[in-house]
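Before any comments, here is the structure.
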Amino acid sequence: MLDIRVVRENPEYVKERVRLRGGDHWMLVDKVLECDVKRRNAETEKQALSSERNSSSKLIGQMMKEGRREEAEELKKRMSEVGERIKALDEVASAAAEEQETLLLNIPNMPHDGAPVGADETANPELRVWGTKPEIAEPKDHVQIATALGLLNFEDAARISGSGFIVYRGLGARLERALINFLLDTQTRENGYQEVGVPFIVKRECMYGTGQLPKFEEDMYGIEGNSMFLVPTAEVPVTNLCRDQILKEADLPVKMTAYTPCFRREAGSAGRENKGMIRVHQFDKVELVEICRPEDGFAELEALTGHAECILQKLGLHYRVIELCTGDVGFSSAKTYDIEVWAPGQGKYLEVSSCSCFTDYQARRMKLRYKDANGKMRVPYTLNGSGTALPRLYVALLEQCQQPDGSVRIPEALVPYFGAEVITAGS
C-alpha cells in the first residue's frame, strides 16, 4: 500500500499520479486523509488524557495521605469520566485506522514518474525487438499443429474439467516438462536465483500482501470460504515467504525462482484470441521474484527483464518488449515491461512475461522491512517477472518452429531436456 506519510505530505502529487491510471481511485486519497486526521486527533487527545490520569493517580494518593478525602473522591470521579473518554477515543482511533487501511488497500500504486502516459494498451511504446519473424508460408496455429502431432487434447480436458483446461499427452507432456526444467536451470545456474518449492494454496492475507485482494477476488479460485486460495501465480507464495520479516541489508538482494501451476477464473470471452491454450484457467509458469534496496529497484528491474528475455533468445524465438503506460500498468506495479513473443499462427504477438517493480507497495502490505548498515529500519522494494509463462511460450515454440512437413523443430538449447531434435507424427 502507499506510504501514509507520502499521502499526508504530498496529497496532490499522489492524486495526480493515481489519476493517470484512469478510474476514480484517486478520490479515495481525501478520505484517507480524513481518517488520518480523525485517528491522529483521537490519539493526541487520548495521550493527553492518559498523562492527566497518571498525574492524578499520584495526586489522589497524596490527598488521601493528607486527609483530603473529599477532594480525592471528586478527583476519582473526574478520572472515571476520563477513563470512559479514553475508552471512547480508543474506539474512534481503531475505527479510523481500520477504515484508513481499507481505503489504502484499495488505492493502486503510483506509476513511476517516467512511465509513458496513456489510457490503455494502445499507448504502450515498443522499446526493442529481438530476432526476425520467421518466414512461414500459410502458418498453422498451435491447435492444428498439436492435434496433428497428438501433443494436446482439449476435448479430454473439457470432459473432466470443463473449458479452459489442457491435457498434455506423450511428447506434448514431455515438451512441457522439458520447458519447465530448462527455465528453472537457466535462472538458477546462470542468473543467480535460488529455486524454491512452495505450496499451491495460500492464506487470504498472502493475497492481500501482493495486491491480488481485494480488487481481483472474483478472478481467483477460493476455497474454505475464501479464507484460502489456489495460487494465481507463484509471485504470491514466493514473495510472501518474507512477510512479517526483518531482513539484513547484507542479505539483499533476495532472488528466488519457482515453478507452480497457476489458477485463474478469468478465461475471457470466446473467440480466436482465446482459442486453444492462449488463455486458460490452469497453466504452468516459472516466476522470478526479487527483494532489494529501494535505490537499486529500477536497475534491478532492467536486469530481471533481461533474465526473462534470455529464455526467448536461447530458444531463438522472435519477440518484442513494450513498456506499459499509466493506464495499463498493473494495480500494484509502478513500472512494468511486457515481453511479447511472436505467434505466426495467430498473426500477432502474445504476452509471455510481465516484469514489474512494485516499489515499497507490496512490502508495506506484507509488513516486510530490512535493517540498513546504520541500524535504521527501512522498507525494501519488491520485483517479479514471469520467467516465463508456459502456455504462450509453448504456442510460440510450436508456431515459430513448425516445418513444411508438419513436424516441429526443437530449439538446440532445449534438445538436452527434451531428448530429440524434432517432433514428427507418430514419434
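Any read-out appearing in this document is the output of simple, stated calculations on the displayed coordinates, not a laboratory observation. Nothing here was measured: the structure is a model prediction, and the numbers come from that model. Cβ sites come from the backbone with ideal geometry, for glycine too, and all protein chains shown count toward neighbours.
Observations
- Mean Cβ count within 10 Å, highest first, over the residues of peptides 401-409, 106-114: 106-114, 401-409
- Loop-resident sites, segment 103-146, for GluC sites (Glu not before Pro), counting at most 10 other Cβ within 10 Å (DSSP): 135
- Taking Cα atoms only, the orientation of helix 297-315 departs from the longest principal axis of the chain by about 20 degrees.
- Segment 85-191: radius of gyration and largest Cα-Cα distance (Dmax), Å: 25.6, 81
- Among 28, 368, 324, the largest mean-square fluctuation in a Gaussian network model of the chain (Cα springs under 10 Å) belongs to 28.
- Here is the list for segment 61-167: trypsin sites (Lys or Arg not before Pro) lying in DSSP coil, each with at most 16 other C-beta atoms within 10 angstrom of its C-beta, are 68.
- Cross-link pairs exceeding 25 Å in C-alpha to C-alpha distance, out of 285/348; 215/376; 31/367, comprise 215/376.
- Average Cα contact separation per residue, the chain, under 8 Å, 6 or more apart, as relative contact order %: 20 percent
- Here, segment 4-105 yields an orientationally averaged convex hull projection of 7.2 nm² when only Cα atoms define the hull.
- Structure-based [θ]222 nm, the chain - -39500 (n - 2.57) summed over DSSP H runs of at least 4, per residue, nearest 500: -13500 deg cm²/dmol
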